[in-house]
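To keep things clear, I will list the structure first and then write my remarks on it.
The values are calculated or read from the model by the stated rules, or taken from the named source; none is laboratory data. Computed from a prediction, not measured in an experiment: that's the story for all the values here. Cβ sites come from the backbone with ideal geometry, for glycine too, and all protein chains shown count toward neighbours.
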Amino acid sequence: MELYEGFEGIEHPFQNSVITIGNFDGVHKGHQTLLASAVTKAAQIGGRSVAVTFEPHPKRVLCNGDHPPLITIHEQKAELIEACGVDALVTVPFTKEFSTIDARRFVTDLLIGKLGMKAIIVGNDYYFGRKREGDIALMKRFGEEMDFDVITPEWVNLGEKRISSTRIREIISRGEVHRAPELLGRFYQVRGKVVSGRDRGGKLLGFPTANINLNDELCPATGVYAVTVFCSLGRFQGVANIGYSPTFDDHIFTVEVHILDFSGDIYGETIRVNMIQKLRDEQKFSGIDELSQQIETDIDNARSIFKDLAEV
């Protein structure tokens, strides 16, 4: 997949490009439908499939800091879009100046002039241009006038509710990570650098942990989780604790992962952690012995979960 930062680096319009536009936060099943449709349509017309997204998220620029946490940081979002088979990703630096471009100019100068658009694939609730002045009805009028197709695939639902980034944030924030694959098509993943911790896991408890400085903004609810870990040494199963270590009363938020059957050195490495299932809430124990016994139980419970999941 070709990567472009803004429109300036695109020297020539793409050949018969099929565009899909969005924030694509989470790249959930609904987004995947749009991206797959763009890939299919581009193949049909001998063109290029192009995803257009924004960085930072427009709400961060327009809403004075009032914005939800991102489900996927930009690096992961780009990886997930590439996995959908898209030919090119254009990341538009979103500024207040960019937000003043009117709907017609956005289509004529950028989508057609810069990207060579012959078709656009977006949801029925898509808005574009200054103060969201353009809607699907206007885009279709532009399509008739300027000779490009406007395609709006059906919503992707789970049960009676539409799959949305908001819905995903809600379940992750509640710790219901086992539900994420239904909406994302994959486990929810966090990433972070392994840093020095408080040196308790191995010495005090007998369970060494990788302490992670999270890159991600959306963190699951406090508690203990069955996880899988991806690092330079391979893929491993593990148990993660997210929270404030109430047994030790130090009130410092940490994300720690005990990697099962592992003895490697990954300090300083950025690792990826898939959140499989919550095992229990975080709780305060009477002391180290009781906590160690509970960790053994947590590991046994996690192994039972892994046994039933072919994906891990």
Applying the selection to the range 271-309, what residues are hydrophobic (A, V, I, L, M, F, W, C) and not in a loop (DSSP other than H, G, I, E, B)? Ile271, Val273, Met275, Ile276, Leu279, Ile288, Leu291, Ile295, Ile299, Ala302, Ile305, Phe306
Taking the condition touching a helix residue (DSSP H, G or I) at 6+ places or on another chain (Cβ under 9 Å) and outside any loop (DSSP other than H, G, I, E, B), does Val39 pass? no
In the range 43-70, what count of residues is obtained for those that are at pLDDT 95 or above and of a type in the set (Lys, Arg)? 1
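Which residue, of Leu309, Leu291, Leu233, is at pLDDT below 90 and under 22 Å from Gln76 (Cβ atoms)?
On the way: Leu291 fails: under 22 Å from Gln76 (Cβ atoms); Leu233 fails: at pLDDT below 90.
It is Leu309.
Inspect all residues belonging to the range 10-20 and state whether any of them is closer than 23 Å to Phe187 by Cα and surrounded by 15 or more Cβ atoms within 10 Å (Cβ to Cβ).
Step one: list which residues in the range 10-20 are closer than 23 Å to Phe187 by Cα, which gives none.
Checked against the condition, which is being closer than 23 Å to Phe187 by Cα and surrounded by 15 or more Cβ atoms within 10 Å (Cβ to Cβ), the range 10-20 yields no hits at all.
Restricting to the range 216-234, what's the tally of residues that are in a strand (DSSP E or B) and aliphatic (A, V, I, L, M)?
Keep residues of the range 216-234 that are in a strand (DSSP E or B), which gives 223-231, 234.
Filter again for aliphatic (A, V, I, L, M), leaving 224, 226-227, 229.
Residues flagged as in a strand (DSSP E or B) and aliphatic (A, V, I, L, M) within the range 216-234 amount to 4.
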Picking from Thr20, Thr53, which residue would you name as being of a type outside the set (Gly, Ala, Ser), within 16 Å of the chain's Cα centre (by Cα) and not in a loop (DSSP other than H, G, I, E, B)? Thr53
Qualifying strands (runs of 3 or more DSSP E) (wholly inside the range 75-166; at least 2 residues being at pLDDT 95 or above and surrounded by fewer than 20 Cβ atoms within 10 Å (Cβ to Cβ)): 88-93, 149-151
Got at least one residue in the range 291-306 being over 25 Å from Arg174 (Cβ atoms), in contact (Cβ under 8 Å) with a residue 24 or more places away in the chain and of a type in the set (Gly, Ala, Ser)? yes
So is Ile295 more than 27 Å from Pro69 (Cβ to Cβ) and in contact with a His (Cβ under 9 Å, 6 or more places away or on another chain) or not? yes
Is it the case, given these coordinates, that Glu256 is in contact (Cβ under 8 Å) with a residue 60 or more places away in the chain and either among the polar types (S, T, N, Q) or on the phi < 0 side of the Ramachandran plot (or both)? no
